[in-house]
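Structure record follows, encoded as structure tokens.
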Amino acid sequence: LNLHLPEHENSFLQALARVPVKVKKRVPLVHHITNYVVANDSANAMLAVGALPVMAISGKEVEEMVSHAQALVINLGTPSEDLMASAVMAGKSANAHSLPVVLDPVGAGATQYRTKNALRILREVKIGVLRANPGEVGSLLGYRSPMRGVEAERTHTDSAALAVQASRSFGCTVAITGQTDYVSDGHKLSILYNGHHMLTRVTGTGCLASSLCAAFAAVETDLLVASTAALGFLGVVAERAALKGKGPGSFRTALFDVMYSLGGVELVTSLRLEVKKV
Amino acid sequence: LNLHLPEHENSFLQALARVPVKVKKRVPLVHHITNYVVANDSANAMLAVGALPVMAISGKEVEEMVSHAQALVINLGTPSEDLMASAVMAGKSANAHSLPVVLDPVGAGATQYRTKNALRILREVKIGVLRANPGEVGSLLGYRSPMRGVEAERTHTDSAALAVQASRSFGCTVAITGQTDYVSDGHKLSILYNGHHMLTRVTGTGCLASSLCAAFAAVETDLLVASTAALGFLGVVAERAALKGKGPGSFRTALFDVMYSLGGVELVTSLRLEVKKV
Amino acid sequence: LNLHLPEHENSFLQALARVPVKVKKRVPLVHHITNYVVANDSANAMLAVGALPVMAISGKEVEEMVSHAQALVINLGTPSEDLMASAVMAGKSANAHSLPVVLDPVGAGATQYRTKNALRILREVKIGVLRANPGEVGSLLGYRSPMRGVEAERTHTDSAALAVQASRSFGCTVAITGQTDYVSDGHKLSILYNGHHMLTRVTGTGCLASSLCAAFAAVETDLLVASTAALGFLGVVAERAALKGKGPGSFRTALFDVMYSLGGVELVTSLRLEVKKV
């Protein structure tokens, strides 16, 4: 095991390994309030790992649909007034049913509307996991984080510190993706070195990370474990897909093939992970 | 020919074989009122089999656009008030122009809104083919059909009886997909054993079945023939795609490759089909 | 070099070769107001060539988002009143920031609503490049151009003359795609013989052409050069993808792989191009 972990933390690894297995066994229904650009890929990712997606967005049905689900993703990739109203309704319904809610504040910082929308969700809905890039998290914390559209600038940011600060400020687990991924629940910090640069050449891979966090949180109540497993999973999947793909088209195809086949043991034996108390 | 059919029913087979050939020859325009999750795949399926897709949804143009089409799909996968209004307008326009209309009541039974929407379409628009899974059809008939989001529970249901009953209740051809597919027009029942479990790992394959029903109904007035050919076509395509794919990503890619190349004779020689009078 | 160009026009070729290189270097942000059918492919095309996509459509943020961008695409594939309002706002914001705007009037001529919407954009927004098929351009010029949904009929049209006339009427560069592509700015006419019939079997390849025009116009102020490079790029990409693909599914996957790898020199050495003064 290529893991920078003390012996006694093997229980953490075992917990990580069990998550994808539990998804396949329990087949959680993951409700998505998401954007129209990546909805198809998000749904296919859910099916690939053994979960079930549902994408209802009308205020006429989101509460009822959420009541059947085991987790909720609120992805603000193409926000509108209607979608925001549905997102709040869905979030409150998820809270009422004690479902984990993952927030993906796509492009927070790029426009005031996006920042405001994300902060509104954080205020009105109890979020379990905030999954974002460093620029988005920085924006939500009030920093001037340079964004280019929905992509964070590749400037240096101390993402580890951001993850810890945000987890304490917002009272939730924070999963920051980038070249290195950071997950913190305010008590521990996971640092994940898996991944592949080709993930930046396929649209919506951040959204896939958020959907995986939700599917994994549906079966694992420790959200640090669930989110670490989800980001690690996508990182390992990307590394393997990159061996098969000859460019972003075939890489993307391979992502779904590998998501389907990657097991829990394979996952943890491929992880390059550090876990620290913070 | 691996078909459980009496000799004199070879005319049925020949009719099935002619359908994909006629699609390629006539290039029917298939109007879609559909959801944003699978719209891209549905359009690509139409192009792969030689039809032309169009996806207009605004009330400002659906009537005029439908007047140019040879078939209409109404897919209720992501319903909203605006989409419902457009769906009814498009349906009435299709009826006025005597075009076949295929209804896909995605998730009927999962929320009251979806059940109500589907029943509204069945009431206000003359439907040619209702394409759904057993849970959705059961819900529309007033049964308590357990649904998980937009997926039917894998509980036992007598889908053959459901298809016949629904075809008589709604006065249309009913095409129920599942591990085995059932198509009935109230007089005959087709039972199709083709297909592959990987279809359940790609989102929107039910929607593809509905779009194929519409493309095939555009060129074949006997809707039992058209729908049997469409579901059989997707089943055979899936079996061949599964030989090429190594997971849901490459399986999905192969689906479109095989749809493009599968001919009418290849289709019927690969069908595992029974046809009964009912 | 297989080019029908006088020696002294090698500067034109060199300009073409530089365009994809400059995209990779400058990573332009390309704002899309586009349809939900092809948004995912358009975003992936941008990432494949080294640009960044953003797809905001709410009137609450389009002006601010456009202010961060280097180019704008207005694609009218699934028009609605809200989308039209956002398109006009985005277009005016792009004009105020002197960004190139590409208009894709999908299905102009198919319905009066589409024709009217496209003419409204041409009237209220300064368009840099109009990218369309011959039927759409003809409709905007007031000709009765037979359309089938969003596809032009394959009737004979003198696309070269259409391109020149439209560029003068609308005061912009006009890029007409079809079996042969034509680009004119009213002074010159590029005729491009690259491409592959499989492009007609994948939905949204016209939309991809428009997005490429925008990404290329973001880094090249001569819009005849930018648009000729964009259409030539897609044509050469399609020819190479067709060698890899076994049908529309794998062809589409290969499109993104080749977009990612095709360089400027490879582009111009594969072009089959004529450039004329008009």
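Scan (1) over 22 Å from residue C:73 (Cβ atoms); (2) surrounded by 24 or more Cβ atoms within 10 Å (Cβ to Cβ) for the single condition residue C:180 breaks and write down its number.
(2) is the only condition that residue C:180 fails.
Select, from B:120, B:114, the only residue that is within 23 Å of residue A:56 (Cβ to Cβ), more than 13 Å from chain C (Cβ to nearest Cβ) and surrounded by 23 or more Cβ atoms within 10 Å (Cβ to Cβ). Show your work before the answer.
Values: B:120 fails: surrounded by 23 or more Cβ atoms within 10 Å (Cβ to Cβ).
Residue meeting the stated conditions: B:114.
What is the residue count in the range C:18-32 for residues that are crowded, with 24+ Cβ neighbours inside 10 Å and more than 7 Å from every other protein chain (Cβ to nearest Cβ)?
7
Check off (1) hydroxyl-bearing (Ser, Thr, Tyr); (2) surrounded by fewer than 22 Cβ atoms within 10 Å (Cβ to Cβ); (3) under 13 Å from residue B:131 (Cα atoms) for residue B:211 and give me the number that stays unchecked.
Every listed condition holds for residue B:211 apart from (2).
Residue check: is residue B:254 closer than 15 Å to residue B:202 by Cα, surrounded by fewer than 24 Cβ atoms within 10 Å (Cβ to Cβ) and at pLDDT 95 or above?
So residue B:254 does not fit the description; no.
Could you go through the range B:149-157 and let me know if any residue there is at pLDDT 95 or above, open to solvent by 40 Å² or more (accessible area, probe 1.4 Å) and either of a type in the set (Lys, Arg) or out of contact with any Ser or Thr (no Cβ under 6 Å at 6 or more places or on another chain) (or both).
no
Starting from the range B:83-95, take each residue that is farther than 13 Å from residue B:123 by Cβ and list its partners that are open to solvent by 10 Å² or more (accessible area, probe 1.4 Å) and of a type in the set (Gly, Ala, Ser), counting only C-beta distances under 8 angstrom and pairs at least six apart or across chains.
B:85/B:59; B:86/B:58; B:86/B:59; B:89/B:59; B:93/B:67
When only residues in the range B:89-111 that are open to solvent by less than 10 Å² (accessible area, probe 1.4 Å) and of a type in the set (A, V, I, L, M, F, W, C) count, which is farthest from the chain's Cα centre (by Cα)?
The residue in question is B:110.
Just one of the numbered conditions (1) more than 15 Å from the chain's Cα centre (by Cα); (2) within 14 Å of another protein chain (Cβ to nearest Cβ); (3) not charged (D, E, K, R) is not true of residue B:271; which one?
With (1) more than 15 Å from the chain's Cα centre (by Cα); (2) within 14 Å of another protein chain (Cβ to nearest Cβ); (3) not charged (D, E, K, R) applied to residue B:271, the lone miss is (2).
Of all residues in the range A:56-76, which are more than 8 Å from chain B (Cβ to nearest Cβ), in a loop (DSSP other than H, G, I, E, B) and open to solvent by 10 Å² or more (accessible area, probe 1.4 Å)?
Those that are more than 8 Å from chain B (Cβ to nearest Cβ), in a loop (DSSP other than H, G, I, E, B) and open to solvent by 10 Å² or more (accessible area, probe 1.4 Å): A:59, A:70.
Filter the range C:158-177 for residues that are more than 21 Å from residue C:125 (Cα to Cα), open to solvent by 60 Å² or more (accessible area, probe 1.4 Å) and modelled with pLDDT of 95 or more and give the result.
Within the range C:158-177, no residue meets the criteria.
Which one is surrounded by the most Cβ atoms within 10 Å (Cβ to Cβ) among residues in the range A:35-55 that are more than 7 Å from every other protein chain (Cβ to nearest Cβ) and not in a helix (DSSP H, G or I)?
For the range A:35-55, the residue satisfying everything is A:35.
Within the range C:183-202, can you find the residues that are open to solvent by 20 Å² or more (accessible area, probe 1.4 Å) and not in a helix (DSSP H, G or I)?
Those that are open to solvent by 20 Å² or more (accessible area, probe 1.4 Å) and not in a helix (DSSP H, G or I): C:185, C:187, C:188, C:193, C:195, C:196.
Taking the stated definitions as given, is residue C:80 touching a strand residue (DSSP E or B) at 6+ places or on another chain (Cβ under 9 Å), surrounded by 18 or more Cβ atoms within 10 Å (Cβ to Cβ), more than 23 Å from residue C:253 (Cβ to Cβ) and of a type in the set (Ser, Thr, Tyr)?
Here the answer is no, as residue C:80 does not meet what is asked.
Of these, A:237, A:275, which one is more than 24 Å from residue C:49 (Cβ to Cβ), β-branched (Val, Ile, Thr) and without any contact (Cβ under 8 Å) to a residue 60 or more places away in the chain?
Being more than 24 Å from residue C:49 (Cβ to Cβ), β-branched (Val, Ile, Thr) and without any contact (Cβ under 8 Å) to a residue 60 or more places away in the chain holds for just one of A:237, A:275, which is A:237.
Taking the conditions exactly as written (outside any helix (DSSP H, G or I) and free of Cβ contacts under 8 Å to residues at least 60 places away in the same chain), does residue B:175 satisfy them or not? Full working, then the answer.
Values: outside any helix (DSSP H, G or I): yes; free of Cβ contacts under 8 Å to residues at least 60 places away in the same chain: yes.
For residue B:175, the condition - outside any helix (DSSP H, G or I) and free of Cβ contacts under 8 Å to residues at least 60 places away in the same chain - is met.
Using beta carbons and a limit of 7 Å, which pairs, at least six apart or on different chains, have the first residue in the range C:38-63 and under 21 Å from residue C:20 (Cα atoms) and the second one among the basic types (Lys, Arg) and surrounded by fewer than 24 Cβ atoms within 10 Å (Cβ to Cβ)?
Close Cβ pairs (under 7 Å, with a partner that is among the basic types (Lys, Arg) and surrounded by fewer than 24 Cβ atoms within 10 Å (Cβ to Cβ)) amount to C:47/A:201; C:48/A:201; C:50/C:24; C:52/A:148.
For residue B:97, only one of the following conditions fails: (1) farther than 30 Å from residue B:241 by Cα; (2) within 12 Å of another protein chain (Cβ to nearest Cβ). What is its number?
Against the list (1) farther than 30 Å from residue B:241 by Cα; (2) within 12 Å of another protein chain (Cβ to nearest Cβ), residue B:97 comes up short only on (2).
Kindly check whether there is at least one residue in the range A:126-137 that is modelled with pLDDT of 95 or more and open to solvent by 30 Å² or more (accessible area, probe 1.4 Å).
yes
Being of a type outside the set (Lys, Arg) and closer than 27 Å to residue B:144 by Cα is true for just one of B:54, B:73. Which residue is that?
It is B:73.
Could you tell me which numbered condition residue B:11 fails, if it satisfies all but one of (1) within 22 Å of residue B:266 (Cβ to Cβ); (2) open to solvent by less than 50 Å² (accessible area, probe 1.4 Å)?
So residue B:11 meets the others, but not (2).
Surrounded by fewer than 22 Cβ atoms within 10 Å (Cβ to Cβ), in contact (Cβ under 8 Å) with a residue 24 or more places away in the chain and within 14 Å of another protein chain (Cβ to nearest Cβ): is that true of residue A:263 in this structure? Working first, answer last.
Details: surrounded by fewer than 22 Cβ atoms within 10 Å (Cβ to Cβ): yes; in contact (Cβ under 8 Å) with a residue 24 or more places away in the chain: yes; within 14 Å of another protein chain (Cβ to nearest Cβ): yes.
Yes.
Looking at residue A:225, is it assigned to a helix (DSSP H, G or I) and either open to solvent by 10 Å² or more (accessible area, probe 1.4 Å) or more than 14 Å from chain B (Cβ to nearest Cβ) (or both)? Before the answer, list the steps.
Values: assigned to a helix (DSSP H, G or I): yes; either open to solvent by 10 Å² or more (accessible area, probe 1.4 Å) or more than 14 Å from chain B (Cβ to nearest Cβ) (or both): yes.
Taking the combined requirement at face value, the residue satisfies it.
The values are calculated or read from the model by the stated rules, or taken from the named source; none is laboratory data. Everything quoted here is computed from the prediction, not taken from an experiment. Note that we place each Cβ from the backbone using ideal geometry, even for glycine, and neighbour counts take in every protein chain shown. All accessible areas refer to the heavy atoms of the entire protein, side chains included, with ligands and DNA or RNA removed. Shrake-Rupley method; radii C 1.70, N 1.55, O 1.52, S 1.80 Å.
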